[in-house]
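Let me begin by presenting the structure, written as structure tokens, before commenting on it.
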Amino acid sequence: MSLVNGLPAHVLLVHFVVVLVPLSALTLVVGALWPKATRRLGLVLPVLAFVTLVSVPLTTQAGEWLERHVESDALVRRHTELGDGLLPWAAGLFVLAAVVWWTTRRTPGTQTASAAAAVTRGGGVVRIAAAVLSVVVAAGAVVDVYRIGDSGAKAAWHDAYSKTASGSHGD
């Protein structure tokens with residue numbers, strides 16, 4: 001994907017990533033810490049994380065096309081390097097969203113009391129581990145999106161505007 005209606009696709013697709021990564025991270029943390037919310041959300045949690053995961057390589061590929069069509073400088077290269085590191089975070093969000101969704105939807109069912117207790121203990125350990133990992137991965141993903149966005153804004157806007165107003169009204 002290169003152009004959308006005459007504009008570089010990257011500058012449009014990046015908005016999906018900027019919204020979806022923090023939204024997926026927040027939803028994951030809420031779901032991991034509050035299983036009742038995950039049950040209410042149903043498939044929304046893993047589907048949202050999957051859409052986020054898919055949007056990252058699409059945006060990255062569009063960014064690589066744009067990189068080949070702009071003048072290269074250190075800021076553009078830095079933004080590109082940072083952008084290449086987001087996919088593992090998005091994959092982590094998806095995997096953990098699937099684990100959190102799966103563990104909260106499982107019920108012991110018609111098992112014996114001792115088997116149900118073992119499943120609950122094992123499930124509790126998995127849920128605690130998933131909650132801790134969810135907070136860590138969500139924070140890492142959001143911080144990475146911020147760093148990538150900041151570097152992209154600097155690459156796009158450095159020396160591209162006047163620090164004094166150019167309007168006729170002195171604004």
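A few comments on the model shown:
- None of 110, 52, 59, 120 is open to solvent by 40 Å² or more (accessible area, probe 1.4 Å) and either in a loop (DSSP other than H, G, I, E, B) or at pLDDT 95 or above (or both) except 110.
- Summed over segment 9-34, residues that are closer than 15 Å to residue 54 by Cα and outside any helix (DSSP H, G or I) total 0.
- Per the listing 100, 142, 126, 132, the residue uniquely more than 17 Å from residue 21 (Cβ to Cβ) and either at pLDDT 95 or above or within 17 Å of the chain's Cα centre (by Cα) (or both) is 132.
- Note on segment 73-100: residues that are farther than 15 Å from residue 24 by Cβ and either open to solvent by 70 Å² or more (accessible area, probe 1.4 Å) or β-branched (Val, Ile, Thr) (or both) amount to 6.
The values are calculated or read from the model by the stated rules, or taken from the named source; none is laboratory data. Worth saying up front: this structure is predicted, and the values here are computed from it rather than measured. In this analysis, Cβ positions are derived from the backbone assuming ideal geometry, glycine residues included, and neighbour counts consider all displayed protein chains. These accessible areas exclude ligands, DNA and RNA; they are computed on the full protein's heavy atoms, side chains included. Shrake-Rupley method; radii C 1.70, N 1.55, O 1.52, S 1.80 Å.
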